[in-house]
Amino acid sequence: MTVALPARPRRARLPWGALLWPALLLLCLLPGVLPTLINPLNLGEVGAFDPPLWRLTLTHLGLVALSGVVVLVLGLPLAVAVTRPGWDAPRQLAETLVGLGQTVPTFAILALAVPALGFGWAPTLLGLIVYGLVPVVSNAVLGLSGVDRGVLDAARGMGMTAWQRIWRVELPLARPVILAGLRTSIVYNVGTATVGAALGAGGLGEPIINGLSQQNTALVLCGALLSALLALTLDAWLGLIERRSGQMS
């Protein structure tokens, strides 16, 4: 007679990325760290930053976070609307219009926004919102369309209204796919937001723009390195949230 041994509990994977990337980002933001690392490379001179790098990073993060909230507020209701039965034509139209955001170059969107909105955060946010809508709407449509029709029929049989089915059945089941789209949108916009420095929006694009104008590769490297670390940090954190959401659903 054989006795089945209880299965060993699986070890939770350590979120090393969610710890490593923010630690490296914070280290690079300490005064004097980046000049010490980059100046010996003889790519140019890196001195004191005004405003300091931590403030540029917070400005950059604010641009990305605010645009991400607006993208979610606009994109999720749009995806819910076009996935209703009988909305095939509006769905194709919405996907086409949203897709134009990544078809048109970012510089073109910003150039068209400047005459109407001026310089600063406003045109930059508009560009980030237009550019970030694509993955959020596409993933939300995919997730909502993939909900099992049998589950919806069971919810309808239990007497749930249309709104109850959306909030209590469809959105929870589609949540991992929606979060994956939001994650992609935010990581994309970390890089896109660097363009906003040319319009006076600030952020980590300032060292890059200044380095290009001064032909100082070291400054460009500073901005690019911090932008990359910020993108990796947000990607790791959002990936952690996405995995936990998938385990809950």
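Rule-based calculations on the coordinates, nothing more; no lab input. Keep in mind that this is a model prediction, so the values were computed, not measured. Every residue, glycine as well, gets a Cβ built from its backbone with ideal geometry; the counts of neighbours run over all protein chains shown.
Helix 106-117 versus the longest principal axis of the chain: what is the Cα-based angle in degrees, 0 to 90, to the nearest 10?
For 106-117 against the chain, the angle is about 80 degrees.
Mind telling me which of 64, 147, 136 comes out most flexible in a GNM of the chain, alpha-carbon contacts under 10 Å?
The residue that fluctuates most here is 147.
Could you give the radius of gyration (one decimal) and Dmax (whole number) of the Cα atoms in segment 199-249, in Å?
Rg and Dmax of segment 199-249, Cα atoms, are 16.1, 52 Å.
For segment 173-228, what number results from the quotient of the Cα radius of gyration and 2.2 N^0.38 Å?
Here the Cα radius of gyration is 1.43 times the empirical estimate.
Pull up all non-local amide H partners of residue 203: gap of 5 or more, or a different chain, and H-to-H distance under 5 Å with H placed in the peptide plane.
60
With a point put 7 Å past each Cα toward its Cβ, work out how far residue 39 is from residue 81 in nm, to one decimal.
In this crude spin-label approximation the distance works out to 5.6 nm.
Any number yet on Rg/Rh for the chain, C-alpha, Kirkwood?
1.09
Stretched out fully, how many nm does the piece from residue 16 to residue 116 gain, at 0.36 nm a residue minus the Cα gap?
That pair, residue 16 and residue 116, stretches by 31.6 nm at full extension.
Once Rh is set to the Kirkwood radius over Cα pairs, what Stokes-Einstein translational diffusion coefficient, in µm²/s, holds for segment 112-214 at a temperature of 4 °C and a viscosity of 1.567 mPa s?
80 µm²/s
Once phi is turned into ³J(HN,Hα) by the Karplus curve 6.51 cos²θ - 1.76 cosθ + 1.60 with θ = phi - 60°, what whole-Hz value does each residue of segment 168-177 show in order, with x for glycine and proline?
3J(HN,Hα) across segment 168-177, in whole Hz: 9, 10, 5, 5, x, 6, 8, 4, x, 5.
If I fit a long axis through the Cα atoms of helix 205-214 and take the longest principal axis of the Cα atoms of the chain, what angle between them do I get, 0 to 90°, rounded to 10?
30 degrees
Give me the angle, in degrees from 0 to 90, between the Cα long axis of helix 16-29 and the longest principal axis of the Cα atoms of the chain, rounded to the nearest 10.
Tilt relative to the chain: about 20 degrees.
Under the rule that an exposed site lies in a DSSP loop and has at most 15 other Cβ atoms within 10 Å, name the longest stretch of the chain with no trypsin sites (Lys or Arg not before Pro) of that kind, not counting the sites themselves.
So the longest stretch without any such site is 14-249.
Under unit Cβ charges (Lys, Arg +1; Asp, Glu -1), what dipole magnitude, rounded to 20 debye, does the chain have relative to its Cα centre?
1040 debye
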